[in-house]
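The values are calculated or read from the model by the stated rules, or taken from the named source; none is laboratory data. Quick caveat: nothing in here was measured; it's all calculated off a predicted structure. Calculation scope for accessible area: heavy atoms of the full protein, side chains included, ligands and nucleic acids excluded. Shrake-Rupley method; radii C 1.70, N 1.55, O 1.52, S 1.80 Å.
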Amino acid sequence: MSKDHPLPETWLQNQKAAKATQVAFDLDEHFQYSIRKAALDRGVSPSDQIRMILGLSVSRRPKRPRLTVSLSAEDYVLLAEKYGLPPDAQLDIKKRVLEDLVDYVNDQK
């Protein structure tokens, strides 16, 4: 944008985030588990837990708690067969997967 029209604040924040460098650590499984468990117990991400350990600032904006899984086209075919749905009914498959996850958690109680 021109000097007369500065960038919106959200764009400036995204620009700052884009300049950050992600750093990965290859730690023993025991160390990874300890950090991830501490993060889970505090309700924060492992990344935020590492920032807290290092004494760095942590974003206080609320984050949407969610679990993710990557599903390939083949996965959708298998899940469609499992649920008796067409493979292109991805939204319906997602709903059924969510039901399975809820049932799994309820069965663990």
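Numbers at a glance
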item	result
Probe 1.4 Å, protein heavy atoms only - accessible area per residue of the stretch 34-109 in square angstrom	86
Lys pairs, the chain - Cα-Cα below 20 angstrom, 8 or more residues apart or on other chains	6
Within the accessible area of the stretch 27-109 (1.4 Å probe), percent carbon and sulfur	56
Volume per residue that the Cα convex hull of the chain spans, once the total is divided by residue count, Å³	212
Among SER72, SER34, SER45: highest mean-square fluctuation, GNM of the chain, C-alpha pairs under 10 Å	SER72
